Amino acid sequence: MYNAKPHQEHDLARLHQQMCDTRLAVLVSHGENGLLATHLPVLLDTAQGEYGTVYAHLARANPQWRDLEQGGEALLVFPGADAYVSPSYYPSKTENPRVVPTWNYLAVHAYGAVQVIHDAPRLLAIVSRLSDWHEQDRAKPWKVSDAPSDYIDGMLRAIVGLRMPIARLQGARKLSQNRSAQDIAGVRDGLASSSDYLDNQLAAHMRPL
C-alpha cells in the first residue's frame, strides 16, 4: 500500500495488537479465477516466524483456495479505526485558511504464501483455536467439543484450512502527524467529542501519538 513516511508504523508489537483487535480481515489473492477477496476471521500466532503466522479457513465451495494452492503471494488486510478529519478541527485555520479535509486511519497489511490444509486433525485444531480465541471473554465459553462429533466431522469436510507465515508487514498509522501539536490536539478533541463512536475510537488512538 502507499504509505507516506510520517505515517509508517514499524513497531511489531503494535502491528500485532491491531491484527489481534481486527475481528474480520480481508484475504486478497490473484490466480486463474482473477482477483478474489474474502472477509474472514483469522488467528495470529506471534510465536511462529519473524512476523508471526496467520491461521484461518475458507468454505470448500469458495474457489479462492484453489488459487492459493497454486502458490504466489497473498495479502491479508487488517483495517483499523478511521475518521473524517474536518479542517474546522485545526486551530491554525484562523491564521492560515489554506487547509482541506483528510482522513485519519489505521491499517496493517500482511503478505505471504498460503498453505492450504485439508486433513481433519489440523482443520479441527484451527477451528478450535479460533473459537477459543473469540469465546475467551464469555462467562461460559463455547467449545467445538460441545457439538456432536459427527456434526463437527461433517462441517470440517465443508472447509479448508489456511496457514500463512507472514513474509512482510506494512503498517499505516495516519494520525495527523504532519500537523502542529496544537492542530493534532484539535483533531483529537474534535473526534473525541463527536457523536459517532467510530470517531471516538480513532481519537483514542491519538492518546498518545
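Specify the residue that is surrounded by the fewest Cβ atoms within 10 Å (Cβ to Cβ); the eligible residues are those in region 106-134 that are assigned to a strand (DSSP E or B) and either β-branched (V, I, T) or in contact with a His (Cβ under 9 Å, 6 or more places away or on another chain) (or both).
Of everything passing the filter in region 106-134, V116 is surrounded by the fewest Cβ atoms within 10 Å (Cβ to Cβ).
Free of Cβ contacts under 8 Å to residues at least 24 places away in the same chain and either farther than 25 Å from G31 by Cα or polar (S, T, N, Q) (or both): does that describe V85?
Details: free of Cβ contacts under 8 Å to residues at least 24 places away in the same chain: no; either farther than 25 Å from G31 by Cα or polar (S, T, N, Q) (or both): yes.
Judged against the criteria, V85 is not a match.
Please specify each residue of region 24-65 satisfying the condition of being under 24 Å from D132 (Cβ atoms), assigned to a loop (DSSP other than H, G, I, E, B) and either hydrophobic (A, V, I, L, M, F, W, C) or touching a residue at least 40 places away in the same chain (Cβ under 8 Å) (or both).
Residues satisfying the conditions are L24, P41, V42, A47, Q48, G49, Y51, G52, R60.
Determine which member of the set R188, R207 is modelled with pLDDT of 95 or more, basic (K, R) and either outside any loop (DSSP other than H, G, I, E, B) or exposed (fewer than 12 other Cβ atoms within 10 Å of the Cβ) (or both).
R188
Restricting attention to region 171-182, does a residue exist that is assigned to a helix (DSSP H, G or I) and open to solvent by less than 40 Å² (accessible area, probe 1.4 Å)?
Looking through region 171-182, none of the residues is assigned to a helix (DSSP H, G or I) and open to solvent by less than 40 Å² (accessible area, probe 1.4 Å).
I'm trying to understand the selection: among the residues of region 17-35, which are surrounded by 19 or more Cβ atoms within 10 Å (Cβ to Cβ) and either out of contact with any Gly (no Cβ under 9 Å at 6 or more places or on another chain) or more than 16 Å from E73 (Cβ to Cβ) (or both)?
Narrowing region 17-35 to residues surrounded by 19 or more Cβ atoms within 10 Å (Cβ to Cβ): 18-19, 22, 25, 27, 29.
Result: Q18, M19, T22, A25, L27.
Does region 39-46 contain any residue that is charged (D, E, K, R) and out of contact with any helix residue (DSSP H, G or I) (no Cβ under 9 Å at 6 or more places or on another chain)?
For region 39-46, residues charged (D, E, K, R) and out of contact with any helix residue (DSSP H, G or I) (no Cβ under 9 Å at 6 or more places or on another chain): absent.
Are any of the residues in region 68-78 within 25 Å of the chain's Cα centre (by Cα), more than 28 Å from M155 (Cβ to Cβ) and in a strand (DSSP E or B)?
Going through region 68-78, the residues within 25 Å of the chain's Cα centre (by Cα) turn out to be 68-78.
Remaining after also requiring more than 28 Å from M155 (Cβ to Cβ): 72-73.
Within this subset, residues satisfying the condition of being in a strand (DSSP E or B) are 73.
Checked region 68-78: at least one residue is within 25 Å of the chain's Cα centre (by Cα), more than 28 Å from M155 (Cβ to Cβ) and in a strand (DSSP E or B).
Give the number of residues within region 1-10 that are charged (D, E, K, R) and either open to solvent by 100 Å² or more (accessible area, probe 1.4 Å) or free of Cβ contacts under 8 Å to residues at least 12 places away in the same chain (or both).
1
For R163, work out the one condition from (1) open to solvent by 50 Å² or more (accessible area, probe 1.4 Å); (2) within 24 Å of P79 (Cβ to Cβ); (3) not in a strand (DSSP E or B) it doesn't fulfil.
The single condition R163 does not satisfy is (3).
Within region 133-187, track down each residue that is over 30 Å from H118 (Cα atoms) and polar (S, T, N, Q).
Answer for region 133-187, where residues must be over 30 Å from H118 (Cα atoms) and polar (S, T, N, Q): S176, Q177, N178, S180, Q182.
The values are calculated or read from the model by the stated rules, or taken from the named source; none is laboratory data. Quantities reported herein were computed from a predicted structural model and do not represent experimental measurements. No Cβ is skipped: glycine too gets one built from the backbone with ideal geometry, and neighbour counts run over all protein chains shown. The area values use the complete protein model at the heavy-atom level, side chains included, leaving out ligands, DNA and RNA. Shrake-Rupley method; radii C 1.70, N 1.55, O 1.52, S 1.80 Å.
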